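J.: My structure is below; once you've seen it, I'll send some questions.
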Amino acid sequence: MMSKYAHRALEAEPSIGALLPCNVVVRQDTEGKVVVELMDPQAVLWLVERDDITTIAGDVRMRLQRVLDRL
């Protein structure tokens, strides 16, 4: 699902590949609790300063937040 957003972003701005926030960290803290962390796409993609990219970043952020909320 997220790959369609990456594809849209790359079509709009081919150089954006280096900025795509595909980082997900799954780790166990010192108390044994599993922690999942995702990079906020809006935190980086605003650098491109294009409305179409900002829209894509907002859509992806919303979807990622829904995933985190369900965990």
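Here, each number is a calculation from the coordinates, and none is a lab measurement. Remember, it's a predicted structure, so these values are computed and weren't measured experimentally. For neighbour counting, all protein chains shown are included, and Cβ atoms are generated from backbone atoms with ideal geometry for every residue, glycine included.
J.: Under the rule of at least 5 residues apart or a separate chain, name every residue whose amide H is placed under 5 Å from the amide H of MET39.
T.: Those lying under 5 Å, H to H, from MET39 are ASN23.
J.: Still on this structure, I have one more. Whole-Hz Karplus ³J(HN,Hα) for the range 65-71, in order, using 6.51 cos²θ - 1.76 cosθ + 1.60 and θ = phi - 60°, x for Gly and Pro?
T.: 5, 4, 5, 4, 5, 7, 7
J.: Tell me, what ³J(HN,Hα) does each residue in the range 30-38 have, in order and in whole Hz, if you take phi through Karplus 6.51 cos²θ - 1.76 cosθ + 1.60 with θ = phi - 60° and put x for Gly and Pro?
T.: Values, residue by residue: 5, 8, x, 7, 7, 10, 10, 10, 10 Hz.
J.: Further, regarding this structure: Any idea how far apart VAL67 and VAL44 come out in nm if each label point goes 7 Å out from Cα toward Cβ?
T.: With each label placed 7 Å out from Cα toward Cβ, I get 1.4 nm.
J.: A further question follows. If you add up the charges near ASP69, with Lys and Arg at +1 and Asp and Glu at -1, over every other residue whose beta carbon is less than 13 angstrom from its beta carbon, what do you get?
T.: Neighbourhood net charge equals +4.
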